[in-house]
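Here, each number is a calculation from the coordinates, and none is a lab measurement. Because the structure is predicted, anything quoted here is derived from the model rather than measured. Cβ: placed from backbone, ideal geometry, glycine included. Neighbour counts: every protein chain shown.
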Amino acid sequence: MLKVVVFSVIILLVCLVLFCVKIIIKKNGRFPNTHVGGNPALGRKGIKCAQAQDFEAGIQLNLFERLQKDF
């Protein structure tokens, strides 16, 4: 049982190091921005992240508020 746990931890560490090779070797290396808000192609299509859409939906006026604002 202990051998399996140690072996699993070693495999996870090797995978983590291989995953981070670009970050470790490259000066000022960092993970790519995979967030929807950081993708210029999606921004051009008008697609935003869920948090931004929730914020915009929260500040939109409903019909009753729009009618009150007009009068």
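Structural size metrics of the chain, computed from C-alpha coordinates, are Rg and Dmax of 23.5, 76 Å. The string of couplings for the stretch 40-49 from the Karplus curve (6.51, -1.76, 1.60, θ = phi - 60°) is x, 5, 5, x, 5, 7, x, 8, 10, 6 Hz, one whole number per residue in order, with x for Gly and Pro. Shown for the chain are the DSSP H helices of 18 Å or more along their axis, judged by Cα atoms, with a mean Kyte-Doolittle hydropathy of at least 0.5: 2-19. Dipole magnitude for the chain: about 540 debye, using +1 per Lys or Arg Cβ and -1 per Asp or Glu Cβ, origin at the Cα centre.
Taking trypsin sites (Lys or Arg not before Pro) across the stretch 1-46, the ones in a DSSP loop with at most 15 further Cβ atoms lying within 10 angstrom of their Cβ are Lys26, Lys27, Arg30, Lys45. Summed over qualifying helices (DSSP H, 4 residues or more, each -39500 (n - 2.57)) and divided by its residue number, the chain shows a 222 nm mean residue ellipticity of -18500 deg cm²/dmol.
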